[in-house]
């Protein structure tokens with residue numbers, strides 16, 4: 001999933017995904033980490049990182065609903 005910068009400085013996931021809670025906003029990428037930088041950023045969301053974890057966090061730009069993804073748990077692409 002790629003992201004683009006909007007005129008307001010937000011990073012929007014491509015393609016825009018409608019929020020599953022409010023059905024009015026769209027999810028905006030709030031944090032993208034790799035295994036080395038994961039802990040500091042995720043602490044802002046209440047998570048403690050252990051090991052080589054990669055995170056992707058998106059939040060609705062209307063209601064704030066948050067979705068958290070662990071990139072290291074993805075199935076290998078063939």
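What follows draws every value from the coordinates through simple rules; no lab data is involved. Every value quoted in this text rests on a predicted model; they were computed, and no experiment measured them. Note that each Cβ is placed from the backbone with ideal geometry, even for glycine, and that neighbours are counted across all protein chains shown.
What does the highest-first list of 18-31, 52-65 look like by mean Cβ count within 10 Å?
52-65, 18-31
What is the extension gain from residue 62 to residue 24, computed as 0.36 nm multiplied by their sequence separation minus the C-alpha to C-alpha distance, in nm to one decimal?
13.0 nm
Length gain on complete extension for the stretch residue 16 to residue 47, per 0.36 nm per residue less the alpha carbon to alpha carbon distance?
Going from the current span to full extension adds 8.6 nm.
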